[in-house]
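Participant: The structure is given below, and queries will be raised subsequently.
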Amino acid sequence: MHFRIPVILGLMLLFCFGALAQTTSGSIASTVVDPQQAAIAGATVTITDEAKAFSQTATTDKDGRFVFPTLPPGTYKLTIEAKGFKKSERTGLLLVANDKLTMNDIGLEVGGANETVTITAEATQVQSESAERSYAVQGEIVRNIAVNGRGFVNLASVATGVVFNNNVGNSDAIQQVSANGLRTSANNLSLDGVAIVDTGNNGTMISVNLDAIAEFKVLTSNYQAEYGRSAGAQISAVTRSGTNQFHGSFYAFRRHDGMNANTWLNNRNSTPTNIITKPRLDQRDIGYTIGGPVYIPKLFNENKDKFFFFFSQEHQKRRNTNTPRNVRVPTALERVGDFSQTRDNNGALYPYIRDYTLNLPCNANDTSGCFRDGGVLGKIPASRLYPLGLKILSIYPNPNINIANANYNYQTQDPDNAPERQDLVRGDWNVNTNWHVTGKYLYNKRSPIFAYGSFVLGTNMPDFAAKFPNNRYSVSGSVTGSLSPTSVLEITFGQSHNFIDILPNNPKFSKTGLGLTGIPVLFPGAVQLDLPPQFVFGGRVANAPNIGSNNAPFYNFNTTRDWAVNYSKIANSHSFKFGGFWQNSFKPQSSFANNNGQYNFSDNPSNPFDSQFAFANAALGIYNTFNQASVYAIGKYRYNNVEFYAQDNWKASSKLTLDYGVRFYWIQPQYDEDLQTANFLPARFNGANAPLLYRPVCIGGVNPCGGANRRAVDPRVASAAGFVASATNTIDSAYIGRLVPNTGTLTNGVVQAGAGIERGLYRNRGIQFAPRFGFGYDVTGKQSLVIRGGIGIFYDRPQGNTVFDLVRNPPVTLEPTFNFGLMSQLNQGQILLAPPSLVAFDREGKVPTTYAYNLGIQYKLPFDAVLDMSYVGTSAQHQLQRRNINAPAYGAGFAAANQDVTNNTTSTIQGAKALPIDFLRPYQGFGNILYIEPSSSSNYHSLQTSVQRRYTKGLLLGVNYTWSKVLGTQSIDLPGTGGFGYPHNLDQRRANYGPLDFDRTHNFNVNFVWDLPKATDNTSLGYAINGWQLSGIYRYVTGEPYNVGATVNGLSTYGLTGTSQLEGHRVVLLKNPGSGNSSDPYRQLDVTAFASPNFGSFSYESGRNFLRLSPINSWDLALSKEFRVKERMKFEIRLDAFNALNHTQFNGINTGAVFSGPNSTTITNLANSTTNLTGFGAVNSVRPPRTMQLSGRFEF
């Protein structure tokens, strides 16, 4: 009954906390035999954590076998005692997180119990009892190897089958990791058994510094049924704990641009009179750790074997460089309405500011329609200026640079300031010999300021920087104990939380502070923090100033609560394990709708009020478009994951182990608790209820027409007998294609959450069944050659971002756009809605599913190394992709029935007179409908080979090579428009089937830590020349695949294909374009291999990802020197060099070919080494040059 108190304590803690928990415990097993290899039954086996004195005891069964099924990671000593035999000890047994360690048979010698035989365990063992694909790194190695960015997740990139999608491996974001051909959003990251995954983007929720990590392990495929939530890599880290002795450290890391090489592009672009300096960098990481026993002499824990603590704190001060920002801000004259000295994007004088009231030409040949106040061409009279428009021009900084013929006059290069503090405190309590309790609290305090904003409040002027408060924490605990000699209970619990707010850093950035009080908007109640609308300039204003205030502020936080219970039972040759976990996620997040509004002042010849220059439009209060959302919506998203499993590790014979089980998933659809979201269901759309659109018509019925004679008409009016268009029965042509009020249903086919549809907007698929099977066959019976294989089904919870945009749909949110008007006349009464765009999610809600399989061998090599060679494959089904289901059919814009007879264009291009696209859509009354559906798939095949030697006798060595191919139809859940992520129809997936973005044919790396041999026994001399260590990582990785895009002068995708599919038209591939990379920076590919598509293209002219960037070929090295003061006290200095050989590696190419016309091979933007360094086919970015880091450390 002694276990009751800790069990009750553990259960009480469970109800106090919550978070997705997965075990970090491992197991150790072996068989005890006598000198004749006969099994010894009834032997007593005790396992003890060498650092904390935690122990468990087991008894061998009739076959001499014992298993410790649930052990926390650590270094253990094993003691075996049996009557008539000498006591046997195995020391230095290293058990990493989630490890299944099976030792060779342990032979006992005949003798007395007072005699002891001690053997140090081998560092590297073969895996004979599981089929999992995994890679583990000890904490000491994590801290000693050169890690760019000092994030432990980076080290996952050296595992076989793992690709870092950013190609550099200097990011700690798990959404950069692709494991065995699966998407980067399919990974799970846990710390001490508790998930730290943001449920919005499936990225990293909280950071932990390297010095707080005891070890980590990456499970990449065919892991046991006890692991779930995600189908990709399971990355598990364990924090450091205190021991029975006090240990601590103080360290400092320093990075500065003065230690780095300059970039290849800077060196190339420098001239003798204009040397481009190295990118600025100033980074300091300073921290300390301390850990040990908690004891009170003669009162508590006097033997220092009960309670332990560990504390870590790191301060990061980072000022990261940004690329130069070149901006064209209003001049002093323009700010008062004088455009007489204004210049266009080419540096030519452009004083041609049109006065729309004159309705006369305004150009270089005829200035009769231009402003000419006081006879000064381009000067606007004060009486015509709009005061708030002038105020808009005044909010921007004044010019600070004057370069002849340049299209910018303001230049900055301010750094981001990203301070952070990371705290960790952990306690371990050995309640008694059977029960162990662990608790941890991790906190990140972050307050970065981004000089040029972020994905909200993005800007090109540091005067309008954004602050990004982002504090985060994770609290967790676990209780582990033996219920009996053959059963163990493990309970893990926790809660993780982060918040991300993006706010203006300048307190004066508000309508009041900028003097913009009273600026017209449609929905004043939607405006937040008194922020102004976003002001957009374009056309003849290149490099226009921008402040992304349209959808600010961004508000987000994420809390995940979860717990897990695992029960292990040993029964003869079976090691059963049962368990389950529950996760609850709550994530409020603001939508990205334009709640503050957006004015676009770009010049547009279709705008009847247009002045022909964007800054002048603002000064006159003339807008091209205005858009605003009706509300500032915050979705309050929740879900529950409930998963449970049963598994068995069966030692079927002395050589064969079967590892099998099944996991059950209930993946609840994520829903908004306020039911603000809405979905579009194609089956519920009724064409008879579609709103009408204003159609084009000519005054008097004389077609074609233009100017004031071309008007918009309600089709009901136009169909009346005897109708003749006039100015009184029609409206301005700006409203052609707009919705006719009070016709049809604006929510035709749109269903709001909870109103005739599930609150999560797609069906709950119920319990998902995921069987898994693996085996290990010890060919020799000595664990020197093992055949391993497995197959399993794995399910994945999609990232929340796939459904968060559903809150932007009507009826809760409307985002009307108003074209061509005067700011002073903007009001809701003017609104004629354009067909709204929607986001929709396939209602069937099939769960992304992965089938994984592998077969291979492990072979014990000399020098304590293990060779692993395996075939590994995956097949991913029901993966998410986006498709525009409301694009017109291919060629619709060319059909005779779809031509606009009122259009008086003189163009002879096919489709030039087509009706506006909204008339041709299948679901009339709506714009684009971005439909997210589980219709993408992929397959992956690889040969993975590695040689691993864990750190022993001063050397760690890992050699890893993966030869692989991953093919599929889509690489990510939410692709951007214009790429290959929006098939026009499901049949077009055939054209998209090809190498995925994370396909790397060859992925080779070597990682090592080498304690250089002792050079001398002389104490004084040895202080200087002994104690050196060299470590590093070498990588050679095939470059990522890419496509070539085609722009045809004067033609859009609509003009070439007759539709508006978001994927874009494709280049015609005439011949083999080469590999896609070369040593010539201006000819990375064969530019003669391409042509532009012809009219009527169906976008099948070329596939996707048929070229490759240059490979990664880089050394990261670290050299350190240890100065030992006493036995338990030392200093260390270290120099890290990333890309140590400063090898230039191209990783970006201008892939956009501009053709002179359709069906043409003439490319007008070809690169060359003199006049067009950045044209088509030229390198436009390179991987980082050599960067260095200096550090010092004191340890005791």
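Participant: Grab the strands (runs of 3 or more DSSP E) fully contained in region 607-695, keeping just those with 3 or more residues being under 22 Å from ASN550 (Cα atoms).
Facilitator: Hits in region 607-695: 622-627, 634-651.
Participant: Something else: Can you name the residue in region 153-183 that is part of a loop (DSSP other than H, G, I, E, B) and within 12 Å of the chain's Cα centre (by Cα) and is also modelled with the highest pLDDT among such residues?
Facilitator: By that ranking, first place goes to ARG183.
Participant: So, GLN783, is that one touching an Asp or Glu at 6+ places or on another chain (Cβ under 8 Å) and crowded, with 21+ Cβ neighbours inside 10 Å or not?
Facilitator: no
Participant: Can you pull out every residue in region 883-906 that is assigned to a helix (DSSP H, G or I) and aliphatic (A, V, I, L, M)?
Facilitator: ALA892, ALA896, ALA897
Participant: Of everything in region 634-680, what is among the hydrophobic types (A, V, I, L, M, F, W, C) and either in contact with a Pro (Cβ under 9 Å, 6 or more places away or on another chain) or surrounded by 22 or more Cβ atoms within 10 Å (Cβ to Cβ) (or both)? Give them in sequence order.
Facilitator: Correct list: ILE634, VAL662, ILE667, ALA678, PHE680.
Participant: Looking only at residues that are among the β-branched types (Val, Ile, Thr) and in a loop (DSSP other than H, G, I, E, B) in region 314-329, which one is nearest to LEU265 (Cα to Cα)?
Facilitator: Applying the filter and picking the extreme gives THR323.
Participant: Go through (1) assigned to a loop (DSSP other than H, G, I, E, B); (2) touching a strand residue (DSSP E or B) at 6+ places or on another chain (Cβ under 6 Å); (3) exposed (fewer than 15 other Cβ atoms within 10 Å of the Cβ) and name the single condition CYS362 misses.
Facilitator: (3) is the only condition that CYS362 fails.
Table: residues versus (1) at pLDDT 95 or above; (2) over 30 Å from ILE929 (Cβ atoms); (3) under 39 Å from the mean Cα position of the chain (by Cα); (4) not hydroxyl-bearing (Ser, Thr, Tyr).
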| position | (1), (2), (3), (4) |
| --- | --- |
| ALA646 | yes, yes, yes, yes |
| LYS651 | no, yes, no, yes |
| GLY661 | yes, yes, yes, yes |
| PHE664 | yes, yes, yes, yes |
| ASN679 | yes, no, yes, yes |
| ASN689 | yes, no, no, yes |
| PRO696 | yes, no, no, yes |
| ILE699 | yes, yes, no, yes |
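Participant: Continuing with this model, one more query. Name the strands (runs of 3 or more DSSP E) wholly inside region 1113-1196 in which the number of residues that are touching a Lys or Arg at 6+ places or on another chain (Cβ under 9 Å), surrounded by fewer than 19 Cβ atoms within 10 Å (Cβ to Cβ) and in contact (Cβ under 8 Å) with a residue 60 or more places away in the chain is 1 or more.
Facilitator: 1129-1138, 1187-1195
Yes or no, residue by residue, for (1) in contact (Cβ under 8 Å) with a residue 24 or more places away in the chain; (2) crowded, with 24+ Cβ neighbours inside 10 Å; (3) small (Gly, Ala, Ser):
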{"residue": "ALA212", "(1), (2), (3)": "yes, yes, yes"}
{"residue": "SER221", "(1), (2), (3)": "yes, yes, yes"}
{"residue": "TYR227", "(1), (2), (3)": "yes, no, no"}
{"residue": "GLY232", "(1), (2), (3)": "yes, yes, yes"}
{"residue": "ILE235", "(1), (2), (3)": "yes, yes, no"}
{"residue": "ARG240", "(1), (2), (3)": "yes, no, no"}
{"residue": "ASN244", "(1), (2), (3)": "yes, no, no"}
{"residue": "GLY248", "(1), (2), (3)": "yes, no, yes"}
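Participant: Mind counting the residues in region 1036-1062 that are touching a helix residue (DSSP H, G or I) at 6+ places or on another chain (Cβ under 8 Å) and outside any helix (DSSP H, G or I)?
Facilitator: Going through region 1036-1062 one residue at a time, the tally reaches 5.
Participant: For region 444-463, indicate whether the set of residues that are among the hydrophobic types (A, V, I, L, M, F, W, C), closer than 30 Å to SER573 by Cβ and either part of a strand (DSSP E or B) or in contact with a Leu (Cβ under 7 Å, 6 or more places away or on another chain) (or both) is non-empty.
Facilitator: no
Participant: Let me ask another. Within region 826-836, does at least one residue satisfy the condition of being out of contact with any helix residue (DSSP H, G or I) (no Cβ under 8 Å at 6 or more places or on another chain) and without any contact (Cβ under 8 Å) to a residue 24 or more places away in the chain?
Facilitator: Yes, region 826-836 contains at least one residue that is out of contact with any helix residue (DSSP H, G or I) (no Cβ under 8 Å at 6 or more places or on another chain) and without any contact (Cβ under 8 Å) to a residue 24 or more places away in the chain.
Participant: Could I ask something else about it? Of all the residues that make up region 408-464, how many are hydrophobic (A, V, I, L, M, F, W, C) and touching a Pro at 6+ places or on another chain (Cβ under 8 Å)?
Facilitator: Adding up the residues that qualify gives 9.
Participant: Consider ALA683 carefully, then state whether it is surrounded by fewer than 22 Cβ atoms within 10 Å (Cβ to Cβ), over 25 Å from THR625 (Cα atoms) and aliphatic (A, V, I, L, M).
Facilitator: yes
Participant: Within region 715-732, identify whether any single residue is within 16 Å of THR902 (Cβ to Cβ), touching a Ser or Thr at 6+ places or on another chain (Cβ under 7 Å), crowded, with 20+ Cβ neighbours inside 10 Å and not hydrophobic (A, V, I, L, M, F, W, C), and answer yes or no.
Facilitator: Checked region 715-732: no residue is within 16 Å of THR902 (Cβ to Cβ), touching a Ser or Thr at 6+ places or on another chain (Cβ under 7 Å), crowded, with 20+ Cβ neighbours inside 10 Å and not hydrophobic (A, V, I, L, M, F, W, C).
Participant: Which pairs turn up if I take residues in region 863-878 that are at positive phi and modelled with pLDDT of 95 or more and look for partners that are assigned to a strand (DSSP E or B) and of a type outside the set (Asp, Glu) with beta carbon separation below 9 Å, at least 6 apart in sequence or on another chain?
Facilitator: Going by the 9 Å Cβ cut-off, the qualifying pairs are HIS878/THR849; HIS878/PRO934; HIS878/SER935; HIS878/SER936; HIS878/SER937.
Participant: Also: Those residues that are among the acidic types (Asp, Glu) and in contact with a strand residue (DSSP E or B) (Cβ under 7 Å, 6 or more places away or on another chain), I need them from region 1126-1148; list them, please.
Facilitator: GLU1132, ASP1136 - these are the residues of region 1126-1148 that are among the acidic types (Asp, Glu) and in contact with a strand residue (DSSP E or B) (Cβ under 7 Å, 6 or more places away or on another chain).
Participant: From PHE615, PHE601, PHE644, PHE586, which residue is within 24 Å of PHE499 (Cβ to Cβ) and among the hydrophobic types (A, V, I, L, M, F, W, C)?
Facilitator: Just a single option satisfies the conditions, and that option is PHE586.
So that you can scan it fast, the table gives a plain yes or no per residue for (1) over 30 Å from ASN1142 (Cα atoms); (2) of a type in the set (S, T, N, Q); (3) crowded, with 19+ Cβ neighbours inside 10 Å; (4) under 31 Å from the mean Cα position of the chain (by Cα):
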site: THR1016; (1), (2), (3), (4): yes, yes, no, no
site: GLN1029; (1), (2), (3), (4): no, yes, no, no
site: ILE1033; (1), (2), (3), (4): no, no, yes, yes
site: THR1053; (1), (2), (3), (4): yes, yes, yes, yes
site: THR1057; (1), (2), (3), (4): yes, yes, yes, no
site: GLY1064; (1), (2), (3), (4): yes, no, yes, yes
site: VAL1067; (1), (2), (3), (4): yes, no, yes, yes
site: SER1075; (1), (2), (3), (4): no, yes, no, yes
site: ASP1086; (1), (2), (3), (4): no, no, no, no
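Participant: Turning to a different aspect of this structure: Do you know which residues across region 506-547 are over 19 Å from LYS391 (Cβ atoms) and either in a loop (DSSP other than H, G, I, E, B) or touching a Pro at 6+ places or on another chain (Cβ under 7 Å) (or both)?
Facilitator: Listed by number, the residues that qualify are LEU522, PHE523, GLN528, GLY538, GLY539, ARG540, ALA542, ASN543.
Participant: Please go through region 964-991 and pick out each residue that is at pLDDT 80 or above, out of contact with any strand residue (DSSP E or B) (no Cβ under 6 Å at 6 or more places or on another chain) and crowded, with 22+ Cβ neighbours inside 10 Å.
Facilitator: Hits for region 964-991 are SER971, ILE972.
Participant: Counting only residues that are assigned to a strand (DSSP E or B), crowded, with 19+ Cβ neighbours inside 10 Å and of a type in the set (S, T, N, Q), how many does region 399-423 have?
Facilitator: 1
Participant: Something else: Determine the pairs where a residue that is closer than 22 Å to LYS1121 by Cα, located within region 144-155, has a partner that is of a type in the set (Gly, Ala, Ser) and surrounded by 24 or more Cβ atoms within 10 Å (Cβ to Cβ) with Cβ atoms under 7 Å apart, the partner being 6 or more residues away or on another chain.
Facilitator: Close Cβ pairs satisfying both conditions: ASN148/GLY169.
Participant: Moving on to the next point. Are any residues in region 374-390 free of Cβ contacts under 8 Å to residues at least 60 places away in the same chain and within 14 Å of GLU334 (Cα to Cα), and if so, which ones?
Facilitator: Of everything in region 374-390, those that are free of Cβ contacts under 8 Å to residues at least 60 places away in the same chain and within 14 Å of GLU334 (Cα to Cα) turn out to be VAL376, LEU377, GLY378, LYS379, PRO381, ALA382, PRO387.
The values are calculated or read from the model by the stated rules, or taken from the named source; none is laboratory data. All values reported here derive from a predicted model rather than from experimental measurement. FYI the Cβ positions are ideal-geometry reconstructions off the backbone, even for glycines, and counts take in every protein chain you see.
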